[in-house]
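The values are calculated or read from the model by the stated rules, or taken from the named source; none is laboratory data. On a predicted model such as this, the values are computed, not experimentally measured, just so you know. Glycine gets a Cβ as well: all are built from the backbone with ideal geometry, and neighbour counts include every protein chain shown.
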């Protein structure tokens, strides 16, 4: 949770008088608030933490960091299935109401 | 055993290791404050590849790990209420309270939801005006500005059914507390890069001067960490104690002025208990009086919490750098990621989880390492 992930701004819009963007994190696209780095433009890279851009980053640094985070599994942790991970760690099924199907296949194997 | 070819740029990594080796003449203990740095150090075996004289001490910089048991228990009680939708980051799901965790509470029927951003929780509040939506606001200076902005937005948009359960902590008072401890062995700090992205470096010169300790602002990637260590060792060998920025691509001296302004509007500094460590004066934030109505602790009178900490878990000593995870008798035996006794075994940024994940079950054998 504490790590911030670099992403590329795809589009920008005003929402509820707030500057928001669609940001691409190596294939995963999320809504991101730009209020703390208001001069971001489409195509720019930023360090993003829990849905907020915190600092502009150059493209090369951003791409290197994204590649490293993907190798470390950080992207899966940040954007992946937290209930599935918690269920595997607990040796249990996902609780009802998560909107996700029961664990199966590789997910279940990863539990053991 | 770890090898240099695991680094993204093995040539540069070798050069950094060689330089560290060349300047090191005697033993030094350096604390990496941030749990993300700890994870990266253990994953890449940096501690095993360094000269024998350099000891890395793992610091308290994991927000999940230091959130006090009492707040976890309050979260569990609030989440159990039928009128509440409780929103959290995913890494809090299995942090043990006094006997249960958010995962178990959800299994028992509570409406617990994992969100990517606090703004997602605010959106859930907008979509569910007849329910109370509570967001678990934990974290260091990196996470506090997003949560502050979310409360600001809730007030601006008049969203009354949203509140924040706040347990934010600040890094510099923790560094101060560690240096003030009579058992302290830390001689230099690698400061947490992304914390400084927000806060800048202004809080550190006074700390470095008063404790005569070098502080190097450092990123998370293996080469960033090596560069941080290199600079720290050079200062130690030269008898210096200044603040250096080894992460300039992400950190500017003044940090993020907009984020800092929002922090001081929405939050006020307060004393805060750290799990496993205890009370550290002026080390946390709570909502300022102007936003107190959005404080879940005020909204839900959660009282009569009787906390019960594990009697065998030594995570407090791990968090202060006093012992390594494998020095705890429970490590890897009754305490595992499946049955964690403490938060340091749950969080991926926790030192115990990193040691367990990368099979550091015994004292590292430096002689078995190779620098290629």
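Here are some notes:
- Per-region count, segment B:229-266, residues part of a helix (DSSP H, G or I) and in contact (Cβ under 8 Å) with a residue 40 or more places away in the chain: 14
- If the condition is being in contact with a helix residue (DSSP H, G or I) (Cβ under 7 Å, 6 or more places away or on another chain), more than 11 Å from chain A (Cβ to nearest Cβ) and farther than 20 Å from residue B:259 by Cβ, then segment B:153-176 contributes B:161, B:162, B:163, B:165, B:175, B:176.
- Tallying residues that are buried (at least 24 other Cβ atoms within 10 Å of the Cβ) and more than 9 Å from every other protein chain (Cβ to nearest Cβ) within segment B:126-149 yields 8.
- Filter result for residue B:271 (under 30 Å from residue B:342 (Cβ atoms), touching a strand residue (DSSP E or B) at 6+ places or on another chain (Cβ under 8 Å) and surrounded by fewer than 17 Cβ atoms within 10 Å (Cβ to Cβ)): yes
- Single unsatisfied condition, residue B:296 versus (1) modelled with pLDDT of 85 or more; (2) out of contact with any strand residue (DSSP E or B) (no Cβ under 8 Å at 6 or more places or on another chain): (2)
- Whichever residue in segment A:23-38 is modelled with pLDDT of 95 or more and within 14 Å of residue B:256 (Cβ to Cβ) and, among such residues, is nearest to the chain's Cα centre (by Cα): A:33
- Pairs are defined by a Cβ separation below 6 Å, a sequence spacing of at least 6 or placement on different chains, a first member in segment A:41-70 that is in contact (Cβ under 8 Å) with a residue 60 or more places away in the chain and more than 7 Å from chain B (Cβ to nearest Cβ), and a second member that is assigned to a loop (DSSP other than H, G, I, E, B) and surrounded by fewer than 23 Cβ atoms within 10 Å (Cβ to Cβ); the pairs so defined are A:66/A:26.
- Conditions (1) within 12 Å of chain A (Cβ to nearest Cβ); (2) surrounded by fewer than 21 Cβ atoms within 10 Å (Cβ to Cβ); (3) part of a loop (DSSP other than H, G, I, E, B); number of the one not met by residue B:220: (2)
- Pick from segment B:316-337, criterion touching a strand residue (DSSP E or B) at 6+ places or on another chain (Cβ under 9 Å) and either in a helix (DSSP H, G or I) or touching a residue at least 40 places away in the same chain (Cβ under 8 Å) (or both), ranking: nearest to the other protein chains (Cβ to nearest Cβ): B:319
- In segment A:1-17, the residues that are more than 14 Å from chain B (Cβ to nearest Cβ) and under 21 Å from residue B:153 (Cα atoms) reach residues that are modelled with pLDDT of 90 or more and part of a loop (DSSP other than H, G, I, E, B) with C-beta atoms within less than 7 angstrom, at least six apart or across chains, in these pairs: A:12/A:34; A:12/A:42.
- The residue that is nearest to the other protein chains (Cβ to nearest Cβ), counting only those in segment B:68-83 that are surrounded by fewer than 21 Cβ atoms within 10 Å (Cβ to Cβ) and in contact (Cβ under 8 Å) with a residue 60 or more places away in the chain, is B:81.
- Residue count, segment B:22-39 (criterion: touching a strand residue (DSSP E or B) at 6+ places or on another chain (Cβ under 6 Å) and over 16 Å from residue B:318 (Cβ atoms)): 2
- Residues satisfying the stated conditions in segment B:177-201, i.e. away from chain A (no Cβ under 14 Å) and buried (at least 20 other Cβ atoms within 10 Å of the Cβ): B:178, B:186, B:187, B:188, B:189, B:190
- Segment B:30-80, residues that are over 30 Å from residue B:302 (Cα atoms) and part of a strand (DSSP E or B): B:30, B:31, B:32, B:33, B:34, B:54, B:55, B:56, B:57, B:58, B:59
- Evaluated against (1) within 13 Å of chain A (Cβ to nearest Cβ); (2) farther than 21 Å from residue A:80 by Cβ; (3) buried (at least 23 other Cβ atoms within 10 Å of the Cβ), residue B:58 falls short on exactly one condition, (1).
- Test: residue B:85 is over 24 Å from the mean Cα position of the chain (by Cα) and either in a helix (DSSP H, G or I) or under 22 Å from residue B:147 (Cα atoms) (or both): yes
- Of B:249, B:210, B:231, B:260, all but one fail to be within 27 Å of residue A:67 (Cβ to Cβ) and either surrounded by fewer than 16 Cβ atoms within 10 Å (Cβ to Cβ) or at pLDDT 95 or above (or both); the exception is B:231.
- Qualifying residue in segment B:281-297 (condition: surrounded by fewer than 16 Cβ atoms within 10 Å (Cβ to Cβ), at positive phi, more than 14 Å from chain A (Cβ to nearest Cβ) and within 21 Å of the chain's Cα centre (by Cα)): yes
- Output for segment B:299-309, where each listed residue is surrounded by 13 or more Cβ atoms within 10 Å (Cβ to Cβ) and out of contact with any strand residue (DSSP E or B) (no Cβ under 6 Å at 6 or more places or on another chain): B:300, B:302, B:305, B:307, B:309
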